[in-house]
């Protein structure tokens, strides 16, 4: 367990690393006794620093939702981070590659809430009833901590949240079987990854339920209007300067960005 002073120091390092695009030494090396509770506390302190600087919280991201990714991180549950307003990127935009340290891209679904969700006891149907619409998305994940990272490093680093692109066709949560929403992730003209949304805990809404129950233990809740990234159903792909990354969701439309 870390001291409060060390947690604050780590949070300041991570915010500076994001600002300067220079990954720091792994916190798991600097603080060998770091725990998951420490990591989430560091992430929360970093969020406070960003909010104090004028950035708004617009929602959350959920990561490590597949069994394979959990096994690779040696954990048995997902993780989460905070989405800020400065992370929003327009569909079709040209994005400066040097805005990030080592950007990678994933495809997933965003749930936009119309009602409060507060755990414990939130289930699949509760999430569907509380959702205004679901929309295709690409998430840019970045690492402000050097490799190789442990789960403590990723959690402290706000779950690697860095960018959010939304596009395609919004749908009501009951209008399609969200388990079978499929996606193809292209880099330039090459198909790099494919998957279906059931890869997220069996149903993408279960990612939202997990988060509501997780933070509900601390008296927190998911608010109306918040944007909730439910978790990727493909592996992330590396994005180099000059790459165009395109996500095709079939009947739900497509979206793309170019790194310049």
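The values are calculated or read from the model by the stated rules, or taken from the named source; none is laboratory data. Keep in mind it's a predicted model, so treat the numbers as computed, not measured. Using ideal geometry, Cβ is built from the backbone for each residue, glycine included, and neighbour counts are taken over all protein chains shown.
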* Can you tell me which residue within segment 129-146, out of those that are more than 14 Å from the chain's Cα centre (by Cα) and either in a loop (DSSP other than H, G, I, E, B) or at pLDDT below 95 (or both), is farthest from residue 84 (Cα to Cα)? => 146
* Structure fact -> Going through (1) closer than 21 Å to residue 154 by Cβ; (2) at pLDDT 95 or above; (3) in contact with a helix residue (DSSP H, G or I) (Cβ under 8 Å, 6 or more places away or on another chain) one by one, residue 110 fails only at (3)
* Asked: Looking at segment 202-214, is at least one residue on the phi > 0 side of the Ramachandran plot and buried (at least 19 other Cβ atoms within 10 Å of the Cβ)?
  -> no
* **Test result for residue 156, at pLDDT 95 or above, buried (at least 20 other Cβ atoms within 10 Å of the Cβ), in contact with a helix residue (DSSP H, G or I) (Cβ under 9 Å, 6 or more places away or on another chain) and over 14 Å from residue 26 (Cα atoms)** => no
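Would you confirm, using the coordinates I've provided, whether residue 190 is surrounded by 15 or more Cβ atoms within 10 Å (Cβ to Cβ) and closer than 14 Å to residue 105 by Cβ?
Taking the combined requirement at face value, the residue does not satisfy it.
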* Structure fact -> Being surrounded by fewer than 23 Cβ atoms within 10 Å (Cβ to Cβ), in contact with a helix residue (DSSP H, G or I) (Cβ under 7 Å, 6 or more places away or on another chain) and assigned to a loop (DSSP other than H, G, I, E, B) narrows 119, 92 down to just 119
* **segment 69-92 residues that are over 12 Å from residue 154 (Cβ atoms), paired with ones that are modelled with pLDDT under 65 and buried (at least 16 other Cβ atoms within 10 Å of the Cβ) (beta carbon under 8 Å, 6 or more apart)** => 76/70; 77/70
* Would you call residue 149 touching a helix residue (DSSP H, G or I) at 6+ places or on another chain (Cβ under 6 Å) and in a loop (DSSP other than H, G, I, E, B)? -> no
* Asked: Scanning for something more than 22 Å from residue 255 (Cα to Cα) and in contact with a strand residue (DSSP E or B) (Cβ under 7 Å, 6 or more places away or on another chain), does segment 61-68 turn up at least one residue?
  -> yes
* Can you pull out the residues in segment 155-204 that are in a loop (DSSP other than H, G, I, E, B), closer than 23 Å to residue 87 by Cβ and over 17 Å from the mean Cα position of the chain (by Cα)? -> 168, 169, 170, 181
* Test for residue 103: is it over 26 Å from residue 257 (Cα atoms) and either surrounded by 14 or more Cβ atoms within 10 Å (Cβ to Cβ) or in contact (Cβ under 8 Å) with a residue 12 or more places away in the chain (or both) -> no
* Is it the case that segment 216-235 has a residue that's in contact with a helix residue (DSSP H, G or I) (Cβ under 7 Å, 6 or more places away or on another chain), crowded, with 22+ Cβ neighbours inside 10 Å and more than 30 Å from residue 7 (Cβ to Cβ)? -> yes
* Asked: Can you find even one residue in segment 60-69 that is over 11 Å from the mean Cα position of the chain (by Cα), crowded, with 19+ Cβ neighbours inside 10 Å, at pLDDT below 95 and over 22 Å from residue 220 (Cβ atoms)?
  -> yes
* Structure fact -> Residues in segment 217-236 that are closer than 21 Å to residue 178 by Cα and assigned to a loop (DSSP other than H, G, I, E, B) total 10
